[in-house]
Amino acid sequence: MATMTERPPGVRQGPALAALATAQFLVVLSTSIVNVALPALADGLAMSPAQLSWVVNAYVLAFGALLLLGGRLADLLGRRRVFTAGMVVFAVASLASGLAPSAPVLIAARAVQGAGAALLAPAALALVLTVFPPGPGRGRALGVWGAVSGAGGAAGVLLSGVLTELYGWPAVFLVSVPVTAVSLVATLLLVPADRPAGGGVDILGAVTSTTGLTALVYALTAKNLVAGAAGLLLLGVFALRQSRAKTPLVPPRLLRTGKVAVANIAMTLLGAVWVGLFYFLPLYQQQILGYGPLAAGLTQLPLALSVVAGSVLAPRLPARAGTPAALAVLTFGLAWLALAPDDASFVVHLLGPSLLIGAGLGAAFVRLTALSTEGVRPADSGLAGGLINTTRQLGGALGLALMTAVAPTAAGHSSAFVTAAVLAALTTCTALTSTFTFTFARRNQS
């Protein structure tokens, strides 16, 4: 078996990364690709506004609630094996979504698609960490990972507009099926099977974390206080269980490793900005500015390219100041976007903020993902991937619930973007506090 500083023998790192990154791109893409298609869905399946929101929420709910379990199963059963299972479930659910004859069937298929994503996403990141051992190569790989992950959100809006305009709403789901198949076959050919860690699963921990996260995400999306209280209670039981279980789902040592805890707190806030932004921006463009689906999609291209640029540059940023700087750029871009009027010009009012937001999002995502896996033991890499994806999804549900409460319709776009800017500012403060704390602690130790 390869050591921590060696890549697995015979692995072609570049093609392997491309196959795994494509899978991650699809996971993020599926969160945002429905946004521009929502009006067409409402017409095609006679969906109510509440049902439309659940086309988004069902995926987010299942994805966020099952990620911790998916990450742990990847470590225990084998990352490539769990990745394969997740890809198959994801592809079948994507096909079922595109062929759905009614709103209930579509919502159910989206929930299954989220479950498949919860299996494949942490396993894919763990496989990347296996293929790229610690060193400069891993930093560059995470840069690529961040680029495709960040671009997935913006590209979802772009593809949604193009596909909806040309082929109708089913295409936004069916497009994932052949891409998933190609990514799966390529991964099986390029990435060798890993050795499962073995061991048992903390059943009580799995049940309380999954049901607790489900209840909490549901409470945030449906604004249900009873579900929220139940979710917090179950998560409290889960936390207590982890300190006592022989084989905990989330070993306490993981949160004490490096900056894992801080990175996940910051990613929760960043996820709130991420999902809320890509929900409101296309609605603002279509319902306030009068853009068609294709125009709304095409105007996301500068944002997508900027996300890629920020992700590629992230590993080259200063070690201590890079993350707060990226988040500060994001905050400024969102504040600028909040000033856009109801008759905004794309070039004058939207292009500049889009470039800043994209660069900040891309760089921050890469930096926080790297921090969340820094110093983590190989046996826990799948769990670390599941944890950082869980906090991003949970943050996304929080952000979407908060922004829709502040701005129930697209007419409140300015309030929604101000809320996103405030959340980004809180994320910046979290990163700055962490930087100063770790710097001070190191100086005292020396």
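Since every read-out is calculated from the coordinates, none of them should be taken as a lab result. This one's a predicted model, so the numbers in the text were calculated from it and none came from an experiment. Positions of Cβ are generated from backbone atoms using ideal geometry, with glycine treated the same way; all protein chains shown enter the neighbour counts.
So which trypsin sites (Lys or Arg not before Pro) in the stretch 315-373 are both in a DSSP loop and have at most 15 other Cβ atoms within 10 Å of their Cβ?
Values: sites: R316, R320, R367; in loops: R320.
Hits after loop and neighbour filter: R320.
Work out the FRET efficiency for V179 and L317 from their Cβ-Cβ distance, taking R0 = 25 Å, and round it to the nearest 0.05. All intermediate terms of the calculation are to be shown ahead of the outcome.
Values: r = 31 Å, r/R0 = 1.23.
About 0.20, to the nearest 0.05.
Using 19 Å as the cut-off for backbone N distance, which residues of the stretch 68-85 belong to the label zone defined by a point 7 Å from the Cα of A193 along Cα→Cβ?
73-85
Calculate the FRET efficiency for A261 and A379 from the Cβ-Cβ distance with a Förster distance of 30 Å, rounded to the nearest 0.05.
Numbers: r = 19 Å, r/R0 = 0.63.
Taking R0 as 30 Å, the efficiency between A261 and A379 is 0.95.
Over all alpha-carbon pairs in the stretch 202-248, figure out the percentage whose distance exceeds 15 Å. Don't jump to the answer; show the numbers that get you there.
Working: 417 of 1081 pairs.
Looking at the stretch 202-248, the distances longer than 15 Å represent 39 percent of pairs.
Taking the Cβ of Q24 as the centre, find all other residues whose Cβ is under 14 Å away and add up their charges (Lys, Arg: +1; Asp, Glu: -1). The partial results should precede the final answer.
On the way: positive: R79, R392; negative: none.
Here the count lands on +2.
Using Cβ contacts closer than 10 Å as the measure, can you line up K246, K223 from fewest to most?
K246, K223
What distance in nm separates the simple spin-label points at A18 and T433, each placed 7 Å from Cα in the Cβ direction?
It is 4.4 nm.
So for each of 192-203, 416-427 I average, over its residues, the number of other beta carbons within 10 Å; can you give me the resulting order with the highest mean first?
Final packing ranking: 416-427, 192-203.
Under a 10 Å cutoff between Cα atoms, tell me which one of P293, P315, P15 has the largest fluctuation in the Gaussian network model of the chain.
Per the Cα network of the chain with a 10 Å cutoff, P15 tops the list.
Using a Gaussian network for the chain with springs between C-alpha atoms less than 10 Å apart, which of these wobbles most: G14, G86, G386?
The residue with the greatest mean-square fluctuation here is G14.
How much mean residue ellipticity at 222 nm does the chain get from its helices, if each DSSP H run of length 4 or more adds -39500 (n - 2.57) and you divide by all residues, to the nearest 500 deg cm²/dmol?
Helix-only estimate at 222 nm: -26000 deg cm²/dmol.
So for the pair V201, D342, with labels modelled 7 Å out along Cα→Cβ, what separation do we get in nm?
Each label point is offset 7 Å from its Cα along the Cβ direction, giving 5.2 nm.
Show me the ranking of peptides 134-143, 339-348 by mean Cβ neighbours inside 10 Å, starting with the highest.
Values: 134-143: 16.9, 339-348: 12.5.
Result, highest mean first: 134-143, 339-348.
For a quick protection proxy, order the peptides 325-338, 398-411 by their average other-Cβ count within 10 Å, most packed first.
Details: 325-338: 23.2, 398-411: 18.5.
Result, highest mean Cβ count within 10 Å first: 325-338, 398-411.
For the chain, state what percent of all Cα-Cα pairs lands in each successive 20 Å bin, counting from 0 Å until the bin that includes the largest distance.
Bin by bin from 0 Å, the calculated values are 28, 61, 11, 0.
Residue-wise, which Karplus ³J(HN,Hα) couplings in Hz belong to the stretch 139-147, taking 6.51 cos²θ - 1.76 cosθ + 1.60, θ = phi - 60°, and x for glycine or proline?
With the stated coefficients, the stretch 139-147 comes to x, 5, 5, 5, x, 5, 4, x, 4 Hz.
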